[in-house]
Amino acid sequence: MNRSSQGVSEHSRPVRQFHMMIKPIGPVCNLGCTYCYYLSKKNFYSQESQWRMPDSILERLIHQYISQQDGPEINFSWQGGEPTLLGIGFFEKVVHLQKLHCPPTKRIENDIQTNGTLLNEDWCRFLRENRFLVGVSIDGPGQLHDIYRVDSQGQGTFDKVVAGIRCMQKHGVEFNTLTVVNRENAKHPLEVYRFLRDELGSRYLQFIPCVEPKDFTQVAPRHWDKANLPVAGDTAARPGTADSIVTDWSVDPEQYGHFLCSIFDEWLHHDVGTVFVPLFDCALGCWMGMPSSACYFAEICGKGLAFEHDGSVYACDHYVYPDYKLGNIRETILTEMVYSSRQAHFGVDKTDRLPRHCRECEVLFACNGECPKNRLLRTPDGEPGLNYLCAGLRQFFNHIDPWMRRMADEIRAGGTAEAVMTKLQRKTAPVHPIHTIPRPQTKLNAKCPCGSGRKYKKCCYSKDRQKQPQ
Ligand code: SF4
Ligand code: SF4
């Protein structure tokens, strides 16, 4: 469809910007991580499928991705599978084609997501020279990383990943760490955070919750269509139980909340302004009244699509299922798929399908019901569409609320978020996070000052003790 057939002139059409996770080698990987949601995508292709993206598709993608977006910066995100399996030559071709098709008014940025095990001197030289930002997956110190991030023989990969990171540091490659928060490492928030910060030297830490329904390899996550979803709090709504709907390695919702709260407290006391946790930055933006910078917490989905090695385009990286295929660049131009009514519908479904429980939630402005793929539960009053992580997310957003308000106030007054940390370090901050709230001097057997009617020792006293940072 050309612009005139859409009835929109060159000067009146809205600004076009979107983002794609590009999978130049499909789901092929040299590792076999237990929780990988992408390896099983091979099932959607025939046995004889060629996994390497053909040159004709690569050039068509690069040309259209640049020419069909407005704005001065075009971001290419290369993912897998494991994209480094394609070799440096493939990415040299990428850079060459980008230069060929990029007008002087635009700037190209590349990022690549890798498991880090194949990074060597040559790779690091290439990545540095071409200013690729590298996202490397690591789940914490060796004993935690090696539980699920294993090779095809089931052997841990920690040493190889760390060797790859050290090589990047030697060559000055810009990198960030991506940590999948699973049922095991979620029990050790500070060990994970301090390892990434102090031992690895990461300054940009992404945390992604692992939530996988047991049937995720076969069916798209359209949970609201399913009968008998468990209610929040049921045993089936937790990992590791006999009737659980999620895999054993999925993170426990409350554990996830505790994980985020603990890391937030550590960050708040020591690292604001020097260590970047996108989840916290995104939350601060929400407290300042801005739209969420992370799709998980945005009001609508739809602007982060997946582009497969064979030219197929899907609604989202987490919806690479036949039902969510929008077309193929061999037959259809990119913007026709990105701005199709199907994709628009996919986007607004996120808000339209929110249960009342979420619509009335005090932290809806920051959470927005999180990602639809994780909406595996029914609310206490039986409505489907509640997020599996709700208990943890609500705990986290309420926990950071007083601090986010302070930071937002500081910034609005012309200061910085770091000022809140500095005041806290000087012990002049007027509010305290839940872990450090000094309780009034109450006798252990007296009624709890919170008004619950229970004894203080059975109520807030015991809760505070459980929440002490590790
Ligand atoms: S489905 Fe989830 S991952 Fe995909 S765009 Fe929506 S929030 Fe983001
Ligand atoms: S915290 Fe829970 S109830 Fe509130 S918006 Fe998020 S998922 Fe919905």
Going through segment 90-111 one residue at a time, which ones are over 20 Å from residue 56 (Cβ atoms) and touching a helix residue (DSSP H, G or I) at 6+ places or on another chain (Cβ under 6 Å)?
108
Evaluation of residue 318 against (1) modelled with pLDDT of 95 or more; (2) more than 16 Å from ligand 2 (Cβ to nearest atom); (3) part of a helix (DSSP H, G or I) (one fails), failing number:
(1)
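Evaluate the following for residue 134: is it outside any strand (DSSP E or B) and in contact with a strand residue (DSSP E or B) (Cβ under 8 Å, 6 or more places away or on another chain)?
Taking the combined requirement at face value, the residue does not satisfy it.
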The conditions are (1) within 16 Å of ligand 1 (Cβ to nearest atom); (2) more than 18 Å from the chain's Cα centre (by Cα); (3) among the aliphatic types (A, V, I, L, M), and residue 366 fails exactly one of them. Which is it?
(2)
Using the structure shown, decide if residue 75 is touching a Leu at 6+ places or on another chain (Cβ under 8 Å), part of a strand (DSSP E or B) and closer than 21 Å to residue 334 by Cβ.
no
Those residues that are within 14 Å of ligand 1 (Cβ to nearest atom) and hydroxyl-bearing (Ser, Thr, Tyr), I need them from segment 321-363; list them, please.
321, 324, 351
Long-range neighbours under 8 Å by Cβ, at least six apart or interchain, first residue in contact (Cβ under 8 Å) with a residue 12 or more places away in the chain within segment 356-372, second within 14 Å of ligand 1 (Cβ to nearest atom) and small (Gly, Ala, Ser):
358/369; 358/385; 366/292; 368/292; 368/298; 369/385
Just checking, which of 344, 306 is surrounded by fewer than 17 Cβ atoms within 10 Å (Cβ to Cβ), within 22 Å of the chain's Cα centre (by Cα), more than 16 Å from ligand 2 (Cβ to nearest atom) and touching a residue at least 40 places away in the same chain (Cβ under 8 Å)?
344
Hey, could you check segment 356-412 for residues that are under 24 Å from residue 272 (Cα atoms), crowded, with 22+ Cβ neighbours inside 10 Å and not aliphatic (A, V, I, L, M) and say which is farthest from ligand 2 (Cβ to nearest atom)?
403
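The values are calculated or read from the model by the stated rules, or taken from the named source; none is laboratory data. None of the values given here were measured: they were computed from a predicted structure. As a convention, Cβ positions derive from the backbone with ideal geometry for all residues, glycine included, and neighbour counts pool all protein chains shown.
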